[in-house]
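In what follows, a structure is listed as structure tokens, so that the remarks can point back to it.
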Amino acid sequence: MRFIDPHIHMSARTTDDYERMAAAGIVAVIEPAFWLGQPRTHVGTFIDYLSSLVGWERFRASQFGIRHYCTIGLNSKEANNEALAEQVMDILPLFLGKEGVVAVGEIGYDDQTEAEDKYFRAQLQLARDLGMLVQVHTPHRDKKRGTTRSMDVAIEMGLDPGAVIIDHNNEETVAEVLDRGFWAAFTIYPETKMGSERMVEIARRYGSNRIFIDSSADWGKSDPLAVPKTARLMIERGIARSDVEAICYRNALAAFGPGGQFREEDWLTRQPRDERLLYLGNSVLRGQEPRVDELPAIPEFDERQIVK
Amino acid sequence: MSPVELLGRMLAARLPDAARAWLANGIDRCNAGIADRDLYLLMSGVSRHVGKESLALTAAELAAASASRPGWDPRDWTLDQAVRVYLLCASTSDGALMSGRLDRLCSAADIGELVAYYRGLPLYPDQPRHALRAAEGVRSNMRVVFEAVAHRNPYPSEQFNEAAWNQLVLKALFVGSPLSPIVGLDRRRNPTLARMLRDYAHERWAASRPVSPELWRCVGPFAAGPVLEDFARLFERGTADERQAAVLALGEAADPGAAQLLELHAPITPRAGDSALAWERLTAAGT
């Protein structure tokens, strides 16, 4: 089985993670632009960060046989520094048209302040003007209300629900998101947000229509193998294979595909041109790519891989 | 015909109608003196409009390219790369303005864009002004970006000082990149580079790691005294490719010791007629 992790902050992860992800069958990832754990203070650091998402990090992923895409936006936390936010809004258009930028994101609410609302709306407008998809981060606190409000504002700003991915859902939010025609993504976190066990129950109850999962792994405690591990658990608990494939691969492709930048052929076919992207000329897949019909093993963390 | 006119002609013959119209509009805006911000937006969307297929130039077009700009070899260029360089060149003929725009474009570029901007180096106005930009490309960790400067690009051999040139050649070996596509490789050989390459070979030998046979191409003309010991080692312990490389390299040495070494180890090896071609064959065999 192949997997997509449509929300993971690879810049914060190690090469060991990339190796284990490739071995576990992850073929493509989407890295949303987010904050770095502490607020940035200059627009220049935003520029360098966004340029690494379309440049270096994508290249680094390619070394491990994983296709890397990103979403570009001003995150809700840093929208609260209005002087800086204005400058960031000015430079976003420079990045939104780049190759492999699959959506405007991750944007939305954190504390649900006025400033957050202002820049969420401005970016929704940008997405509408450019005909781009939107990836919405829903808040940790006051989540249910924040999720409803995110969808209200998206519709108010003229976005088609089918072009908006609502992320970090839970049992309390999913029904409304699906009822209103948005995509519902779930972040599988070891302790907060959503655990694999709970996800199995959601799959049982809601099926696989417009639902998919991601790891949102970043610089905090999180698991870059959350998608394949949850897939394994779902299979073990008797969820139909076709539903598991939809939740862990096909629906992410269907959600992000219409932007034209997220194409299955990118990872199914290897163009001769792409081979030149490989540093030292070696693909890291080395025959590890699992057959489509089998569930790849979840690799153990292996200390011997550290050769420093 | 100027290289930029030639690019326009190559593209017109290949782009579908919609993309050709989009490009014509972009070129009109560039010719009219486009603002920086508009140029950056135009550039950032290029691949979405024209795609990334190979330019697939004919032999006649490649000949026309090198006639219009000696050393220019766009055989590996893609449509999006050609369009980026075409638009950029149309946007200004002022070297300082071009250099500032390149800095800004490169600071926000994706990988495909970086490759295009570096491949375009031989076509920009005020050539010497872009040497630091080119050296920045050589410093890249991304092999494809490094090769955009290093391979089939006459710019480094024309504009790099000796230190920068030597770093380029040494780095090519470090990242496993072939030497033969480097334009001006033979012309820019120098004793310092030969010393650096021998030190590098000794390091690799000490670690029991292979050494690219191509390395000796830059050492050959300086093969004398202790350098000959390296060649003796190639003959005695090297692979077939390494022995072939030693023969080719020593063929360019003036020192009588080199001739003796050749006589001793390769008395019946026919001398290569075209040594550049023979080195290329060695490159192909090694990759």
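Quick note: the coordinates plus some simple rules give every number you see, no bench work behind them. Small disclaimer: the values here were computed from a predicted structure and weren't measured. All Cβ positions, even for glycine, are placed from backbone atoms using ideal geometry, and neighbour counts span all protein chains on display.
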How many angstrom lie between the C-alpha centres of the stretch B:61-134 and the stretch A:98-115?
34
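Other chains' Cβ within 10 Å of B:113-119 residues: what's the mean? It would help to have the intermediate numbers written out before the result.
Values: counts 4, 3, 2, 0, 0, 0, 0.
That works out to 1 on average.
All other residues with a Cβ under 14 Å from the Cβ of A:Asp117 taken together, and with Lys, Arg as +1 and Asp, Glu as -1, what is their net charge?
Values: positive: A:Lys77, A:Lys118, A:Arg121, A:Arg145, A:Arg149; negative: A:Glu82, A:Asp110, A:Asp111, A:Glu114, A:Glu116, A:Asp142, A:Asp152, A:Glu156.
Every neighbour counted, the sum reads -3.
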By per-residue mean of other Cβ atoms within 10 Å, what is the highest-first order of A:133-141, A:154-162, B:3-11, A:11-19?
A:133-141, B:3-11, A:11-19, A:154-162
With 10 angstrom as the radius, rank B:Leu105, B:Leu264 by how many other C-beta atoms surround their C-beta, starting from the fewest.
B:Leu264, B:Leu105
To make sure I understand, if each residue's beta carbon is the centre and we count other beta carbons within 10 Å, what order do A:Asp117, B:Asp80, B:Asp38 fall in, fewest to most?
B:Asp38, A:Asp117, B:Asp80
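Give me a single rounded figure for A:91-103: the average over its residues of other chain Cβ atoms within 10 Å of their Cβ. Don't skip to the end; give the middle numbers.
On the way: counts 3, 0, 4, 10, 4, 3, 11, 12, 11, 4, 3, 0, 0.
Other-chain Cβ atoms within 10 Å of each residue's Cβ, averaged: 5.
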Of the listed links B:Lys52/B:Lys171; A:Lys77/A:Lys143; A:Lys77/A:Lys118, those spanning more than 19 angstrom between alpha carbons are B:Lys52/B:Lys171
Antiparallel %, DSSP beta bridges [both residues in the protein assembly as shown], to 5:
5
Taking only the alpha-carbon positions of chain B as identical scatterers, the Debye log10 I(q)/I(0) at q = 0.08, 0.14 Å⁻¹ comes out as -0.41, -0.97
Rounded to a whole number, the mean other protein chain Cβ count within 10 angstrom for residues of B:161-170 is 0
The stretch B:1-20-the stretch B:206-274 distance, computed between alpha-carbon centres (Å)
46
If N is the residue count of the protein assembly as shown, its Cα Rg over 2.2 N^0.38 Å rounds to 1.09
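Take the alpha carbon gyration tensor of the stretch B:1-160, find the square roots of its eigenvalues, order them as a ≥ b ≥ c, and report rounded if a/c is under 1.5; if not, report prolate when a/b exceeds b/c, else oblate.
Working: a/c = 1.38, a/b = 1.12, b/c = 1.23.
Because its axes are fairly even, with a/c under 1.5, the stretch B:1-160 counts as rounded.
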Tell me the mean residue ellipticity at 222 nm calculated for chain B from its helices only (DSSP H runs of n ≥ 4, each -39500 (n - 2.57), averaged over every residue, nearest 500).
-18500 deg cm²/dmol
With every atom except the alpha carbons ignored, what do you get for Rg and Dmax of the stretch A:3-291, in angstroms?
17.9, 52
When chain A is modelled as a GNM with alpha-carbon springs shorter than 10 Å, which of A:Ala217, A:Ala22, A:Ala203 fluctuates the most?
A:Ala203
Straight-line reach from A:Lys229: which aspartates and glutamates have a Cα under 16 Å away, not including same-chain ones fewer than 8 places off?
A:Asp5, A:Asp17, A:Glu19, A:Glu191, A:Glu197, A:Glu201, A:Asp214, A:Asp243, A:Glu245, A:Glu294, A:Glu300
